[in-house]
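Below you'll find the structure, written out as structure tokens, and then a few comments.
The values are calculated or read from the model by the stated rules, or taken from the named source; none is laboratory data. Model, not experiment: these values are computed from the prediction. Please note: Cβ atoms are built from the backbone with ideal geometry, for glycine as well, and neighbour counts cover all protein chains shown. Remember, those area values only see protein heavy atoms, side chains included, never the ligands or the DNA or RNA. Shrake-Rupley method; radii C 1.70, N 1.55, O 1.52, S 1.80 Å.
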Amino acid sequence: MLPRCLLALVVCGITHSTFGQSGEGSSPAPRLYAGASFFSDNDDFSARRVSLGAATEFTDLLHFTGARASHAWYSRGDWSASSNAIQLFKSALSGPRVLGFQGALGLSRLSTDHQMVTADLGQSFALGETTSAEVFYSRDWVETKNALSDGTSFNYYGAALTQQVTRRLTLIGVAAEHHFSDDNDRTHLRLKAVYDLFPDNGVNVQFRHRQFRNSSDISTHYFNPSKYREEMINLGYRGRVDGWLLSGAAGVGRQFVAQDAGRATELFEFEVRTPARSGVQGVANLSSGNSASISGERYRYNLLQFSVFVPF
């Protein structure tokens, strides 16, 4: 399970100044929306999702309002399940640091006869010329076989603070709480330092620290050690190539699960956004990781997701 709101917050929080693309001067117009995601891991679990909808007001990838319907398929071995969802979504981000509101709100129903209101909401704002903050809230299903079968869900909420210390150094901190419907509470802390090695070429080095502690470690529905800690060093890139907006990071680190002595971990992330003035506009993300799992064995996952807005 990957907390989508936090993933977007930590990755995009350091790239807004580079990737802020705006269609200022363009008039909002309706567009068709299509999206898809494909997740798989070495525990034989897979999740595939397709979405179709429309944006009633679309200016660019930072300014749009619309609605979508989605269908997801989940499988592991001879087990399978599915879900249907409808959502309203909106993005209203602006300024050099690309601050504002972005989120989605909807209703989801599982084939295992569970339903709930889902949300993925974030509001960011400036606290000064070099400081910004974000508050966020996410509510969704826990996407594992046992959790989906029982309808286990989570509420995830917290805040982030971004501080540009020097022209080259940016610090990001995130504090959050994860409340699961099985009454487990997970407290998160994440820290990230980004240093621009070659600012003109978009190359940076990143140090990432994350940790969490659970109030209960008896659940077998998802990866749930009593405590977890990880440190990573990544080489990153962010920049423009012929109008295309690119970002990515690759790195290695070490994680500590409960009382173990530590294990190696790996991470790869890549994102591409179409030029702001192109007819069809969209964004695609690819990520892959190698870490610990619910079974205690080495765990590898791959995630590909994309979304496009097409004029009509």
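Odds and ends about this structure:
- If you filter region 210-225 down to residues that are in contact (Cβ under 8 Å) with a residue 12 or more places away in the chain and more than 15 Å from T187 (Cβ to Cβ), you find that the one that is most open to solvent (accessible area, probe 1.4 Å) is T220.
- Residue count for region 31-55, restricted to those that are modelled with pLDDT under 95 and farther than 20 Å from S83 by Cα: 2
- Search result, residues across region 221-250 that are assigned to a loop (DSSP other than H, G, I, E, B) and over 18 Å from V272 (Cα atoms): H221, Y222, F223, N224, P225, S226
- Residues that are without any contact (Cβ under 8 Å) to a residue 24 or more places away in the chain, small (G, A, S) and in contact with a Leu (Cβ under 9 Å, 6 or more places away or on another chain) do not occur anywhere in region 271-280.
Every residue, every condition in (1) of a type in the set (A, V, I, L, M); (2) open to solvent by 20 Å² or more (accessible area, probe 1.4 Å), yes or no:
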| position | (1), (2) |
| --- | --- |
| Y156 | no, no |
| L161 | yes, yes |
| Q164 | no, yes |
| R167 | no, yes |
| I172 | yes, no |
| A176 | yes, no |
| D185 | no, yes |
| K192 | no, no |
| P199 | no, yes |
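- Residue selected from region 227-253 under the condition open to solvent by less than 20 Å² (accessible area, probe 1.4 Å) and of a type in the set (S, T, Y), by the criterion farthest from N204 (Cα to Cα): Y228
- Filtering region 31-83 to residues that are of a type in the set (D, E) and more than 26 Å from V98 (Cα to Cα) leaves D41, D43, D44, D78.
- Among the residues of region 124-146, those identified as open to solvent by less than 60 Å² (accessible area, probe 1.4 Å), more than 20 Å from Y74 (Cα to Cα) and either touching a His at 6+ places or on another chain (Cβ under 8 Å) or part of a strand (DSSP E or B) (or both) are S124, A126, T131, S132, A133, E134, F136, S138.
- Against the test of being open to solvent by 70 Å² or more (accessible area, probe 1.4 Å), hydrophobic (A, V, I, L, M, F, W, C) and either in contact (Cβ under 8 Å) with a residue 24 or more places away in the chain or in a loop (DSSP other than H, G, I, E, B) (or both), the options F207, F256, F268 yield a single qualifying residue, F207.
- Residues in region 73-123 that are part of a loop (DSSP other than H, G, I, E, B) and touching an Asp or Glu at 6+ places or on another chain (Cβ under 7 Å): G77 alone.
- Extreme residue, nearest to D140 (Cα to Cα), among residues of region 96-106 that are open to solvent by 10 Å² or more (accessible area, probe 1.4 Å) and modelled with pLDDT under 95: R97
- Test: residue in region 163-181 that is assigned to a helix (DSSP H, G or I) and charged (D, E, K, R): no
- Selected residue (only one of L93, L121 is buried (at least 19 other Cβ atoms within 10 Å of the Cβ), more than 22 Å from V194 (Cα to Cα) and in contact with a helix residue (DSSP H, G or I) (Cβ under 9 Å, 6 or more places away or on another chain)): L93
- Hey, R109 touching a Phe, Trp or Tyr at 6+ places or on another chain (Cβ under 6 Å), open to solvent by 40 Å² or more (accessible area, probe 1.4 Å) and in contact (Cβ under 8 Å) with a residue 12 or more places away in the chain or not: no
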